[in-house]
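Inspection log for the structure reproduced underneath, given as structure tokens.
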Amino acid sequence: MEQNNFEKNVQHKLDELKIPPSDSVWTNVEIQIGKKEKDRRIIFMLFFILILLTGGFWFLNSPENNPYENKQISSIKTKDAGKATPPGSISGAVNKQDSSFQKTKKIAGINQGNTYLKGFTQNNIKRFRPYSENHTGNKNIQKQINFIKQSLIKPNNNYSREAIKADSEISLDFENELNEKEYDIAEIKSKNESENIESSLQNRMSIDRFSKELKVQKTTRKLIKKTDTSAKKTSEKQSWILGITLSGGTSSIGNNSLGRNYPLADMNAGAPQGGGAYYYYTPSAIKNSAAFTAGILLEKNFSPKTKFSLGISYRYYSLVNKVGNKIDSILPAPSQYLYSSNNYYTSVNSLHSYRNNFHYLELPVSVKFQLNKNKRLPLFWNAGINISQLISSNALQFQSNPGLYYNDNSLINKTQFGLSTGLSATFFSKGKRAFNIGPYFYYGATKLANKGLYNKAHFTFIGLRTEILFQKK
Amino acid sequence: MDQDLLLKECLKRRPEAQRRLYDHFAPSMLGICFRYTKSLSDAEEVLQEGFIKVFTRLNQFKGDGELGGWIRKIMVNTALNFLKTNQKYRHDLSFDEMPLHLVSTENPEVILHAKELAELIRQLPTGFQTIFNLHAVEGYKHLEIASMLGISEGTSRSQYARARVLLIEWIEKFSLKKQSGHYGTK
């Protein structure tokens, strides 16, 4: 018991000990807390963007969205499965897409029956080897080069034989000509071809590498800028508020913005009308479909009741129409569209839904006006203008005679000006993260296209818009 | 401002509230950190680390005890981590197995000021200092100290006994000198 008296005495004495810390301690604590908070915010934003991207990617690539492309892929797969692929070769799908590869097959075939050419092709390989060995960054291209080497060296390559047999008549004629002892011409041609292939591969490799390096440089620059600005931000009071925005709704063209079903009259679409040489087909109606926008924004207070914001967003709009069966051959296509068309659909038996996707990069600028005096739940009216640029689209155009759908993006106006308006209520306006939500309407002031299926049509979007603002308190 | 309100404001990450909380607790917490370290700059380093933990983990405070006690616990743990990881202290914190030393029954009256007493505790070897602080001041049991420092309970007991003897000896000497006028209070 007595022993405890000493401890209690010491404890009591030391509880009185108070030493005021130097000012630098709080400064450091404040900086560190801020850093951790910023890290948390960045992680949250990255996570949000990742979810958006994953969701968007899944949505765009889900089988329900494009049953046609799926069918096409599956038919290609079944065709390829029937073919014997040699060990070590790359997939058939890649071969089909790569025209330079078909050229390689031809060369391999030529070499089979002609040992004379072997010498210079092997020399060519030796010549290009140092380049390919030094640049091992792009594995896919390296694989392709290895495959070319194999097919060039091995004269008894079964795959090359099969390939040349299955290939067009042009290569067979070429082989026959070679067999008729026109070695000199063949040598020059083959040499040129192989050089072209190698040089095109080299070009592709260097372009790929260059674009990769460019991306890395851009990202590094962005990161450097970010760190620079973050350092400044700690010292200065920032008046711009960073936020993220997400809108979801329905996109449409024309007046019927909310209609989802086909009109009865449209059930006749796809049936030929007129007669004799004057028959024609009518396209099916274009139906509204899902749309969303996701992006980041910067907001600034003009006055206590007026806010200004600008940002950058990705915009996805889609429209759905009914099309017939896909035509794989391009032969029935009208000659004037042959140059730019790559997808052809018949309008007969328009039973399949086709989603016309439009991907835009958008720069929205808007002003918000507070409508009420409630500080806890302020209501705003938003109005703004948007400038957007089409990134890609698979939208179909229509040819009434002979009733074909085809893809031709040159008919679409790539740059769009739009007007937007909406209402929003702000929740947690006093907190660190304000949350805005409300209805949103967008009207594309620029015509979607000046001719074709979307001639003089304007995009409209109706949906719900949300914003999360990271306010500094 | 009421402590509950202050806590709520801190949870909302309001800088003014955080500063208030810091101002309220920092001097007493620096006193704790001061007892575990050998220099004021080290103590401030521990305090800084401790408060960063306090603010980032404030949502973990369930409110079942005193906020001050919760912060104190964080400071003690931060100090122990600091001692374990800092090169300067790590070597001194290694404990040799010692034969059990009986705790003296001496109970001198402590007439020293808090800072003088803390200074004497800091003069103890790091191992003694740490165990004395944990047992005598913080009130941890030897079994708890053993698990905190990764030593046996016996070692904790014997280290404490030796630290106590040494400290009492120093307190008596210091008190005598103080009474005879050799030392002035700071």
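Read the figures in this text as sums done on the coordinates, not as results from a lab. All of these numbers come straight from a predicted model, not from anything done at the bench. Every residue, glycine as well, gets a Cβ built from its backbone with ideal geometry; the counts of neighbours run over all protein chains shown.
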TODO: Select from chain B the helices, each a whole stretch of DSSP H, whose alpha-carbon atoms run 20 Å or more along the helix axis and whose Kyte-Doolittle mean is at least 0.0; answer none if there are none.
DONE: B:40-56, B:67-85
Open item on the list: Rounded, prolate or oblate for the range B:3-90? Axes are the square roots of the Cα gyration tensor eigenvalues, ordered a ≥ b ≥ c, and the cut-off for rounded is a/c under 1.5.
Closed with: prolate
Open item on the list: What's the ranking of A:443-455, A:313-325, B:79-91 by average number of surrounding C-beta atoms within 10 Å, highest first?
Closed with: A:313-325, A:443-455, B:79-91
TODO: Measure up A:Lys300/B:Lys8; A:Lys300/A:Lys375; A:Lys35/B:Lys73 against 26 Å on the Cα-Cα distance and list the ones that go over.
DONE: A:Lys300/B:Lys8
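Which value, in Å to one decimal place, does the Kirkwood hydrodynamic radius take for the range A:392-470 when every pair of different Cα atoms is included? Kindly include the intermediate steps, with their values, before the conclusion.
Numbers: mean 1/r = 0.0657 Å⁻¹.
Radius from the Kirkwood sum: 15.2 Å.
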Open item on the list: Let's test the formula: R0 of 22 Å, r as the Cβ-Cβ distance of A:Ser24 and B:Arg20. What FRET efficiency results, to the nearest 0.05?
Closed with: 0.70
TODO: If a/c stays under 1.5 just call it rounded; otherwise compare a/b with b/c (prolate if a/b is bigger, oblate if not). Do that for chain B, with a ≥ b ≥ c from the square roots of the Cα gyration tensor eigenvalues.
DONE: prolate
Open item on the list: For peptide B:117-123, what's the mean number of Cβ atoms from other chains within 10 Å of each residue's Cβ?
Closed with: 2
